[in-house]
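Since the structure comes first, as structure tokens, the remarks are kept for the end.
The values are calculated or read from the model by the stated rules, or taken from the named source; none is laboratory data. This is a predicted model, so every value here is computed, not measured. Neighbour counts run over all protein chains shown; Cβ positions are idealised from the backbone, glycine included.
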Amino acid sequence: ATTGSDGITKRDGWSSRSAFILAAIGSAVGLGNMWRFPAEAGANGGGAFVLFYILCVVLIGLPVLLSETLIGRHGQSAAPESVRRMAQESGKSRHWDVLASVGVFSAFLILSFYCVVGGWVLYYVGAFVQDLFTTGLTGGAFQGRPAEEVEALLPGLFGNGTLMVGLHVAFLAVTFYFVARGVSGGIEWVATWLMPAFFVLFVAITIYGAFTGAFAEALSYLFTFEPSKLTGSVMLAAVGQAFFSLSLGVAGMMTYGAYVGRDVNLGSTSGIIAGADTLVALLAGLCIFPIVFAAGLEPNAGPGLMFQSLPRAFQDMPVGSLVGMLFFIMVFFAALTSSVSLMEAPTAWVKDKFGIARPIAAAIVSFGALVLGALAALSFNDLSEFQPLTGFALFEGQGMFDILDTLTSKILMPVGAILTSVFVGWIASKRLVDSENGLSGGLHVFWLFLVRWLCPIALALILLVGIFPEVF
Ligand code: PHE
């Protein structure tokens, strides 16, 4: 392995264009799609949220995604250093690197609660493995147990603080292992082989659900646009979900962009990444809501949606234990490729900042996430009364888990994205930006318009109406 003057180990480059695309899709596709998207869609009333979310992906997410990857590839370093370089080469202040620092910090915060949810996934893998061994291959999962009991698995876990923290630490440890080894090692393999397999399984489950569940009802719930439902808070939730799902505003895509070769067209690549990510989120909606409606459950069941409705469907499915086990194993890998990218950004930062080895940097980041994540895990049980930010409307009644989620997706990620679009649209030299973005003709003009005008202005407005609904 050769180390360049910038501290990036050349060995760490993605081995090809498709490897980069798959790794970026791996970062984007994760719990955000399978768990958070349905929960947010349900909590925000369905159609209006979903359609506004799609609009945000196309008009805001996509241009920002391209902006982030182009900064990363140009700078070839950890995110703040990449921004600094681009700023200096454009004759501007190096302090623009604050946009990447905000991102690195939010990546760290997300990592801490993301691994908590990763722990829930591990719990379900365990539950299905155990079920497979006790009830065997034939028939559905959890035979002879009433649906309510299967649904109660999650509250049961939530009630056990020690177990939740233990699972969080386990998920974090696996993430640490991969990050400590370096980016392309294990992750490329997971992204290349397991993610496509996951996609196929997911499509199969959705098709099965389309025939057995309340598919028409789910379709109309998810895609009927009622303008009156599009409030400021729904819009902010949709923008936040778009950023969360595309891994934006946290310097993650900048960090990954640094590993991309010069021959890759970043414009079209960004389109592929955003398209795949959105497809999986919509699939998750189409997979989960037919079950929810068929079972007469409430669509706004929040964070439990994926963990409670799908196991119910696996109960009635032929070879349900096996399908359920495979499903949660795949979700585990999808979550892992995301958590690795979350840990990568702060690790690269600590490593460069203090000039220490990658494994040590990753250990420091992991330790911080361990402590913060433990607080988040305990907010479901032992520390549920600890609501330090109650009094601020946005954080009313929220424990640590919800605070971390709200703070990152509804404040820090949009702010990071505003800074990124202003930087690429107005501050960086046009020559540099043009040489990196791989766009031409009308598309180029349109992208520049989105980055310069629409992204910063729309995001600032949505932040305002979302955070201060009473003023509007
Ligand atoms: N996009 C990931 C998901 O949807 C989460 C993530 C956010 C990963 C930010 C990296 C950076 O699960």
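Here is how the numbers come out for the structure above:
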| quantity | calculated |
| --- | --- |
| Pick from the stretch 63-85, criterion surrounded by fewer than 24 Cβ atoms within 10 Å (Cβ to Cβ) and of a type outside the set (Ser, Thr, Tyr), ranking: nearest to the chain's Cα centre (by Cα) | Arg73 |
| Of all residues in the stretch 364-387 being of a type in the set (Ser, Thr, Tyr) and either surrounded by 24 or more Cβ atoms within 10 Å (Cβ to Cβ) or modelled with pLDDT of 95 or more (or both), the one that is nearest to the chain's Cα centre (by Cα) | Ser366 |
| The stretch 390-423, residues that are hydroxyl-bearing (Ser, Thr, Tyr) and either within 13 Å of the ligand (Cβ to nearest atom) or within 30 Å of Ser90 (Cα to Cα) (or both) | Thr408, Ser409, Thr420, Ser421 |
| Filter pass, Ala1 being away from the ligand (no atom under 16 Å from the Cβ), at pLDDT below 95 and under 18 Å from Gly304 (Cβ atoms) | no |
| Of residues in the stretch 40-52 being aliphatic (A, V, I, L, M) and surrounded by fewer than 22 Cβ atoms within 10 Å (Cβ to Cβ), the one farthest from the chain's Cα centre (by Cα) | Ala48 |
| Among the candidates Ser440, Ser429, Ser409, Ser435, residue that is within 21 Å of the chain's Cα centre (by Cα) and among the hydroxyl-bearing types (Ser, Thr, Tyr) | Ser409 |
| Candidate set: the stretch 242-277, residues that are polar (S, T, N, Q), surrounded by fewer than 23 Cβ atoms within 10 Å (Cβ to Cβ) and assigned to a helix (DSSP H, G or I); chosen: the one nearest to the ligand (Cβ to nearest atom) | Thr269 |
| Residue within the stretch 108-115 that is within 16 Å of the ligand (Cβ to nearest atom), touching a helix residue (DSSP H, G or I) at 6+ places or on another chain (Cβ under 7 Å) and either acidic (Asp, Glu) or closer than 13 Å to Gly324 by Cα (or both) present | no |
| Long-range neighbours under 7 Å by Cβ, at least six apart or interchain, first residue touching a residue at least 60 places away in the same chain (Cβ under 8 Å) within the stretch 358-386, second buried (at least 17 other Cβ atoms within 10 Å of the Cβ) and charged (D, E, K, R) | Arg358/Lys351 |
| Residues of the stretch 432-467 satisfying the condition of being among the aromatic types (Phe, Trp, Tyr) and either closer than 12 Å to Ile418 by Cβ or surrounded by fewer than 20 Cβ atoms within 10 Å (Cβ to Cβ) (or both) | Phe446, Phe449, Trp453 |
| Only listed residue being part of a loop (DSSP other than H, G, I, E, B) and either small (Gly, Ala, Ser) or surrounded by 22 or more Cβ atoms within 10 Å (Cβ to Cβ) (or both), chosen from Gly166, Gly144, Gly156 | Gly144 |
| Single residue of Ser366, Ser379, Ser339, Ser309 found to be among the hydroxyl-bearing types (Ser, Thr, Tyr) and more than 25 Å from Leu194 (Cβ to Cβ) | Ser379 |
| Meets criteria (at pLDDT 90 or above, within 16 Å of the ligand (Cβ to nearest atom) and buried (at least 19 other Cβ atoms within 10 Å of the Cβ)) for Ser341 | yes |
| Candidate set from the stretch 4-42 (those that are hydrophobic (A, V, I, L, M, F, W, C) and at pLDDT below 75); member that is farthest from Gly304 (Cα to Cα) | Ile8 |
| Boolean, Leu99 is at pLDDT 90 or above and within 18 Å of the chain's Cα centre (by Cα) | no |
| Of the criteria (1) within 18 Å of the chain's Cα centre (by Cα); (2) more than 23 Å from Trp35 (Cβ to Cβ); (3) among the hydrophobic types (A, V, I, L, M, F, W, C), which one Ala348 fails | (1) |
| Selected residue [at pLDDT below 95 and within 16 Å of the ligand (Cβ to nearest atom)] from Gly45, Gly72 | Gly72 |
| Filter pass, Arg94 being under 22 Å from Asn437 (Cβ atoms), more than 15 Å from the chain's Cα centre (by Cα), of a type outside the set (A, V, I, L, M, F, W, C) and more than 16 Å from the ligand (Cβ to nearest atom) | no |
